[in-house]
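The values are calculated or read from the model by the stated rules, or taken from the named source; none is laboratory data. Quick caveat: nothing in here was measured; it's all calculated off a predicted structure. Here the Cβ positions follow ideal geometry from the backbone for every residue, glycine too, while neighbour counts run over all protein chains shown.
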Amino acid sequence: MTDTTEQMLRAATESLMYVVTRPEQVMVRGKGSYLWDANDNRYLDFIQGWAVNCLGHCPAPLVRAINQQAKRLLNGSPALLNDQMIATASLLTRNSCLDKVWFGNSGAEVNEGAVKLARKYGSVKLNGAHEIITTRNSFHGRTLGMMSASGKAGWDQLFEPKVPGFKHVDFNDLAATRAAVTDRTCAIMLEPVQGEAGVNVGTQDYIAGLRALCDEKGILLILDEIQTGIGRTGKLFGYEHYGIEPDIMTLGKGLGGGFPVAAFLAREHVCVFEAGDQGGTYGGQPLAMAAAGAVLSQMIDKNIPERARKRGNSLKRKLKALGKETGLTNIRGLGLLQAVDLPHDRGADVVAAAFDRGLLINAPKPTSLRFMPALTVTDKEIDEMLGILRDCLSVVA
Ligand SMILES: Cc1ncc(COP(=O)(O)O)c(C=O)c1O
């Protein structure tokens, strides 16, 4: 450990509020699928900022767009239009089934916005209906509202009292969802693939059934595509796998490819906000808009979702082969959002062993591992990851 790292660690302990225990390595740079720490150790990154860096670390088109925009206009005003905001909004509406966009900064913030829009819709069009049905084990963010909406185990007791108006039902259980709908319900909100829960893929019957249920009852279907959107699942948006269209969709993570930006989109008839209902100082600021515009252009022009689909298939095939050797089971996921179950509950030890060997992977549960590499990951990098993983599995077995 160099003096520099020691000094940084001391400063971190002195100044950073404790919310999580992190390894002692301090990251200083990244390129593509790799990250480097202050001692120049290299890490193969299959977490990518928590499914954020969809084009890998510091991709040239994104860096260029941010640099160019930084010289032109950083921040106009939330009360004024800017060219980047308009261009990025139209890229999103032209390439999705939705008509209008609101830009924010984080996933939790735009999920809050989506819930506000659904409640306003309920108040204006559904006789004041305001309840939203969400799913157990879901993850929608860490604001008080989104902790209340989420179905994450253990959160029900935290930071009481919760924001009322959310009803939780089992994921992939259409009958339970139908039974939970009342005349107070204005929307059903879910992730098409539950990411933080360990990659639970919504079935075709369930997602199509929810769409039909919402149509039958006249309520809204909100898809939280913060983790599944922007090519992650092998399509630009996760809903495309199911042949349905949501009424509201939220995006974050991959939208900025590493730059913090998020959005929610809605169908025209759902857009019932009046002036003053929704806003924020930084939403739609030109620098974030230029970043999102550059990421979206790459996604679309280079057909990155198709690349993610192909690499995802190859990752799945190779994980299955490794599973035969090492006892990995239940290989699941779409595109490059995948997970496996371990033959034991020592996921944290596997993650630590991988870190020691220069590989970043995630254990969403003690019994499973999750992979969310850059969508530009190569077959060679997948093979490198599997080689290190094989080693870790035998060490931890
Ligand atoms: C599906 C989903 N929704 C919302 C969020 C929250 O996003 P943020 O951390 O940007 O607030 C996450 C983050 O992991 C997520 O996976």
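Structural remarks
- A single entry from Ala290, Ala308 fulfils the requirement of being touching a residue at least 40 places away in the same chain (Cβ under 8 Å) and not assigned by TED's automatic domain parsing to the domain that holds Phe103: Ala308.
- Members of region 372-383 found to be farther than 20 Å from Asp341 by Cα and either part of a helix (DSSP H, G or I) or in the same structural domain as Leu255 (by TED's automatic domain parsing) (or both), listed by number: Asp379, Lys380, Glu381
- Residue-level analysis places Asp301 outside the set of residues that are surrounded by fewer than 22 Cβ atoms within 10 Å (Cβ to Cβ), at pLDDT 95 or above and touching a Ser or Thr at 6+ places or on another chain (Cβ under 6 Å).
- Any hit, region 12-21, residues being out of contact with any Cys (no Cβ under 6 Å at 6 or more places or on another chain) and under 26 Å from Gly254 (Cβ atoms): yes
- Taken as a whole, the structure leaves Ile230 outside the set of residues that are at negative phi and either crowded, with 19+ Cβ neighbours inside 10 Å or aromatic (Phe, Trp, Tyr) (or both).
- Every test in (1) surrounded by 14 or more Cβ atoms within 10 Å (Cβ to Cβ); (2) not in a helix (DSSP H, G or I) is passed by Ala114 save one, and that test is (2).
- Members of region 3-58 found to be assigned to a loop (DSSP other than H, G, I, E, B) and surrounded by 14 or more Cβ atoms within 10 Å (Cβ to Cβ), listed by number: Gln25, Val26, Ser33, Ala38, Phe46, Ile47, Val52, Asn53, Cys54, Leu55, Gly56, Cys58
- Condition broken by His140, with the remaining ones in (1) within 13 Å of Phe264 (Cβ to Cβ); (2) crowded, with 21+ Cβ neighbours inside 10 Å; (3) more than 9 Å from the ligand (Cβ to nearest atom) satisfied: (3)
- All of Ala353, Ala292 fail the test of being assigned to a helix (DSSP H, G or I) and surrounded by 23 or more Cβ atoms within 10 Å (Cβ to Cβ), apart from Ala292.
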